[in-house]
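Derivation of every value follows stated rules applied to the coordinates shown; laboratory data play no part. Note that this is a predicted model, so its numbers are computed, not measured. All Cβ positions, even for glycine, are placed from backbone atoms using ideal geometry, and neighbour counts span all protein chains on display.
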Amino acid sequence: MQPDWYPAWRDEAFEELTAKNARLEQDFRLGHWSRYDYDLTAGTLSFSDTAGLKVVSEIQISGSTSAKAGNWLWAWANSNLPGNLLGDAKLVRAFGEEKGIGDLAQAYVVDASGDLEALGWELTGAMVRVCNALGAYRSPRGEGGALYLVLKSIRWAN
């Protein structure tokens with residue numbers, strides 16, 4: 001269930017996310033720090049090296065992938081996640097319901113393409129576009145899954 005324009009819109013959203021993430025890499029060296037930590041209580045994602053904390057970002061949670069289940073689970077449908085980090089995901093759900101886009105409005109999205117990571121990035125790209133976020137970060141999890149975080153603000157720690 002999706003309107004005719006949705007596949008092109010989703011592809012554009014992914015391209016925008018790729019450009020935004022490239023800018024974050026250039027400006028804040030994301031992807032090059034030796035350590036990252038997310039704190040779901042504080043709603044932050046931080047990057048550091050052996051000298052200490054370097055970059056801090058405020059986050060919202062997009063969703064997660066599960067290799068075992070072969071699907072994506074939107075953050076708004078995951079009762080294990082803190083409610084204060086789900087506002088943007090709920091906006092995406094409302095957008096999906098309003099526009100008739102099943103992938104954005106249903107809790108689970110099955111990985112039909114055989115590329116679960118690509119599915120996670122595509123759906124996170126949709127969230128970044130709908131919520132005008134700065135970019136996104138993927139944190140690998142056990143059993144081949146990942147948690148996708150959307151960056152709302154970012155700053156140098158010092």
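Could you check segment 53-104 and list, in sequence order, the residues that are touching a strand residue (DSSP E or B) at 6+ places or on another chain (Cβ under 9 Å), more than 18 Å from SER139 (Cβ to Cβ), surrounded by 15 or more Cβ atoms within 10 Å (Cβ to Cβ) and touching a residue at least 60 places away in the same chain (Cβ under 8 Å)? The answer is ASP103, and nothing else. Listed conditions (1) more than 21 Å from GLY125 (Cα to Cα); (2) within 17 Å of the chain's Cα centre (by Cα); (3) of a type in the set (Gly, Ala, Ser) are all met by ALA22, apart from (1). Of everything in segment 112-138 that is outside any helix (DSSP H, G or I) and out of contact with any strand residue (DSSP E or B) (no Cβ under 6 Å at 6 or more places or on another chain), the residue that is nearest to PHE28 (Cα to Cα) is ASN132. I'd like to know if segment 105-117 contains one or more residues that are touching a residue at least 40 places away in the same chain (Cβ under 8 Å), among the charged types (D, E, K, R), surrounded by fewer than 20 Cβ atoms within 10 Å (Cβ to Cβ) and closer than 27 Å to ALA157 by Cβ. No, there is no match, as no residue in segment 105-117 is touching a residue at least 40 places away in the same chain (Cβ under 8 Å), among the charged types (D, E, K, R), surrounded by fewer than 20 Cβ atoms within 10 Å (Cβ to Cβ) and closer than 27 Å to ALA157 by Cβ.
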